[in-house]
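The values are calculated or read from the model by the stated rules, or taken from the named source; none is laboratory data. Bear in mind the structure is a predicted one, so any value in this text is a computation, not a measurement. Positions of Cβ are backbone-derived with ideal geometry, glycine not excepted, and every protein chain shown enters the neighbour counts. Side chains are part of the model used for accessible areas, which takes the heavy atoms of the whole protein and leaves out ligands, DNA and RNA. Shrake-Rupley method; radii C 1.70, N 1.55, O 1.52, S 1.80 Å.
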Amino acid sequence: MEEILIKTPEQIEGIRRSGQLAAKTLDFVGSFVKPGVTTGFLDDKIEEFIVKNGAVPATKGYNGFPKSSCISPNEVICHGIPSNEIVLKEGDIVNIDITTILNGYYGDTSRMFAVGEISPDAKDLIDVTKHCLDLGIEQVWPGNYFGNIGFVISRYARVKGYSVVYEFCGHGVGLHFHEAPQVDHTARRNSGEIMKPGMIFTIEPMINQGRSSAVVDKNDGWTARTIDKKLSAQFEHTILVTPEGYEILTELHE
Ligand code: MF3
Ligand code: CO
Ligand code: CO
């Protein structure tokens with residue numbers, strides 16, 4: 001298996017700065033999310049903001065992906081391709097996933113946004129998914145097993161009556177878009193590799209109202225939807241293992 005990189009202090013600072021820009025881009029684009037806007041328009045705003053800040057959107061051209069972000073509404077689990085044909089409407093929930101390359105360093109983060117007023121069910125799914133990410137992050141400290149991230153996430157999601165997507169995972173990140181290790185969101189306690197200071201990876205649980213299975217769109221080759229068309233939510237942060245525990249590199253601290 002490919003080894004997990006330990007980043008140098010200089011690399012960590014570079015990835016931190018890229019992560020901060022990705023987080024700022026999410027804040028920026030959030031103000032444009034409202035009924036009637038297209039996901040293509042949001043992607044244009046994202047690209048403009050990233051480029052204006054001296055960075056590059058990592059998704060554009062990545063394995064042929066055509067846009068500067070992934071925008072995934074409602075039953076779309078992940079990898080939604082922004083389009084001028086996709087119009088957000090009142091009551092929708094939508095994940096916006098942004099990965100920046102700043103001075104060669106990658107920062108990767110995503111959040112859910114509500115379009116106008118959303119149903120209590122949709123709100124609950126979003127809240128539980130955010131809590132799943134927070135629980136996963138709390139498992140980050142030197143000496144802990146990567147498997148414990150997925151263990152706590154899947155335990156909590158199931159207690160709340162939701163399922164966890166297992167076909168897409170978190171990943172090492174920083175010098176490349178996707179590095180070792182694969183970070184599973186459902187795993188056995190004390191399984192997998194051991195965390196060490198200087199490792200950087202994402203945690204990005206995708207939580208479904210119904211069945212856990214994903215179906216990738218045959219026409220575009222990217223858009224992953226729930227098999228039963230029920231709602232899916234996701235939050236993502238880029239996390240550094242520190243000597244004391246963790247630092248969230250994609251959380252804004254100003
Ligand atoms: N940002 C996504 C992730 O969290 C990856 C998107 S790859 C793309 O890993 F090609 F779909 F853009
Ligand atoms: Co990611
Ligand atoms: Co991402």
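Observations, loosely collected:
- Accessible area of the stretch 104-254 belonging to carbon and sulfur atoms, whole % at 1.4 Å probe: 49
- Rounded, prolate or oblate (a/c below 1.5 giving rounded, otherwise prolate when a/b exceeds b/c) for the stretch 77-134 by Cα gyration tensor: oblate
- Probe 1.4 Å, protein heavy atoms only - accessible area per residue of the stretch 9-247 in square angstrom: 42
- Cβ-defined net charge surrounding Ile4, 12 Å radius [Lys, Arg +1; Asp, Glu -1]: -2
- Considering only Ser119, Pro197, Leu135, and ranking their Cα positions along the charge dipole of the chain that arises from unit charges at the beta-carbon of Lys, Arg, Asp and Glu, the one farthest toward the positive end is Ser119.
- Placing +1 on the Cβ of every Lys and Arg and -1 on the Cβ of every Asp and Glu, with no other charges, gives the chain a dipole of roughly 400 debye about its Cα centre.
- P(r) weight above 20 Å for the stretch 188-254, C-alpha pairs, percent: 52
- Using the Cβ of Ile149 as centre and a radius below 14 Å, the other residues enclosed give a net charge of -3, where K and R count +1 and D and E count -1.
- Approximating the spin labels as points 7 Å out from Cα along Cα→Cβ, the Arg188-to-Ser119 distance works out to 3.8 nm.
- Treating each Cα of the chain as an identical point scatterer and summing with the Debye formula, the log10 of I(q)/I(0) at q = 0.12, 0.14, 0.16, 0.17 Å⁻¹ comes to -0.64, -0.89, -1.18, -1.33.
- Normalised size of the stretch 46-88, defined as Cα radius of gyration per 2.2 N^0.38 Å with N residues, equals 1.23.
- For Ser213, neighbours were defined as the other residues whose beta-carbon sits under 9 Å from its Cβ, and their charges (Lys and Arg +1, Asp and Glu -1) total -1.
- Restricting the stretch 102-169 to GluC sites (Glu not before Pro) in coil, as DSSP defines it, with at most 11 other Cβ within 10 Å: Glu117
- Size of the stretch 1-41 as Cα extents on the principal axes (Å, biggest first): 45, 26, 11
- Percent RCO, i.e. relative contact order, over the chain, from Cα pairs under 8 Å lying at least 6 residues apart: 23
- When each of Lys52/Lys196; Lys24/Lys67; Lys67/Lys160; Lys130/Lys218; Lys34/Lys229 is checked by Cα-Cα distance, pairs over 25 Å: Lys52/Lys196; Lys67/Lys160; Lys130/Lys218
- Rg/Rh (Cα only; Kirkwood hydrodynamic radius) as it applies to the stretch 1-112: 1.01
- Per-selection Kirkwood Rh - the stretch 124-168 (Cα, Å, 1 d.p.): 10.8
- Percent of Cα-Cα distances greater than 23 Å, calculated over the stretch 60-208: 39
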